[in-house]
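The values are calculated or read from the model by the stated rules, or taken from the named source; none is laboratory data. Quick caveat: nothing in here was measured; it's all calculated off a predicted structure. Virtual Cβ from ideal backbone geometry, glycine too; neighbours counted across all protein chains shown. Quick note on the areas: whole protein, heavy atoms, side chains included, nothing else; ligands and nucleic acids left out. Shrake-Rupley method; radii C 1.70, N 1.55, O 1.52, S 1.80 Å.
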Amino acid sequence: MGIFHCPMGAPFYDDEGCIDCGMCSARTEQEMVEASKKIRAYLRSQAASDNPIKKIAVCGKGGVGKSTMVVLIANVLRGKGYGLLVLDTDESNPGLSRLFGFDKEPKPLITLLSRFSSGERNTDSEWLQRGKITIPDIPAEYILNRDSLKFVMVGKIQDPFQGCACSMADMTRVLMEKLVVSDNEIVLVDVEAGIESFGRGLERNMDTVLVIVEPSFESMVLAEKIGYMAGGMGISRVRAILNKVPSEKVRQRMTEELNKRNIKSIGTVYFDPQLNEAGFEGTVLGDSRATGDIQTIITLLLGEAKKPS
Ligand code: SF4
């Protein structure tokens, strides 16, 4: 892609959606910082804290158990009657489809862009150009289906010199912006570890960010940074899920630390050897203590949000 993308989605300066932030014309670092402040202030003023839960990003430091949490959260939401679209946007981490019990991966969405860049006529990307996209609009080859679960993968870095992941982030952001989700559907997005995705604005169209936090200093610091970044995008519902917690004492310490960093904890998944084993083997997660912990967390999370009207 390599062209500037307005964070507000305005096609041109002063066109629909433009808030005159100055980002597209910024030439100095100071101008960039000022533009970024304007965007942040605008999005914060627009944010609602009790909007319905439709699009959830699951984030965190590498190794905190993010993908495992995505599987558990998806299973609990499905158990509550929601149709789930899981979007795998982590360009590095393989195997999420396998954790869901699929024996193959869907065709990556990024192949649509590869065709654009090679100049080959693309016949199956028309759906992506529409102003609004629904889940049934996604062609069958890009989506795995099982009962109420649908699985889509943006793409993976596979080869040396393949290029950076910016185009994958752009595609996710656009898809999330256009995707219309019905009242009984939720989109769960597995985001790559760290905060680079926030720098690219990938989470821009999400209403909820769940930060998976393990008992480590780095994980807490990153959670604080994610809270700051998400706030700058106008996402007011940022909640930490404490994971791999060995004791009540550690839970209390973690909660205190997160409070100091203005991150609200929504619940705890205690250390569960069954999860470790399934993670090591890359196998489907069965019922475990962690499933019960996630049940409690999701009930609280759904209770916080406005029901779709
Ligand atoms: S001024 Fe800001 S909002 Fe307007 S087009 Fe440029 S980047 Fe987008």
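Taken per residue, the accessible surface of the range 6-103 reaches 48 Å², heavy atoms only and a 1.4 Å probe.
Extension gain, GLN252 to LEU300, is 15.4 nm, computed as 0.36 nm per intervening residue step minus the present C-alpha separation. Between the listed residues VAL174, LEU77, GLY17, the Cα displaced farthest toward the positive end of the dipole of the chain, a dipole computed from Cβ unit charges relative to the Cα centre, is found at LEU77.
Taking Lys and Arg as +1 and Asp and Glu as -1, the other residues whose beta-carbon sits under 15 Å from that of GLU256 total +3. Rounded to the nearest 20 debye, the dipole magnitude of the range 156-273 is 380 debye, with +1 charges on Lys and Arg beta carbons, -1 on Asp and Glu beta carbons, and the Cα centre as origin.
With both residues required to sit in the chain, DSSP beta bridges show an antiparallel share near 10%. Computed from the Cβ-Cβ distance with R0 of 25 Å, the FRET efficiency linking GLN30 to GLU196 stands at 0.60. Here the dipole of the chain is about 680 debye; that uses its Cα centre as origin and unit charges on the Cβ of Lys and Arg (positive) and Asp and Glu (negative). Counting only protein heavy atoms and a 1.4 Å probe, the range 125-248 has 39 square angstrom of accessible area per residue. Largest first and in whole Å, the equivalent-ellipsoid semi-axes of the chain read 30, 25, 19, each the square root of five times a Cα gyration tensor eigenvalue. The accessible surface of the chain, taken with every protein chain in place and a 1.4 Å probe, is 52 percent carbon and sulfur.
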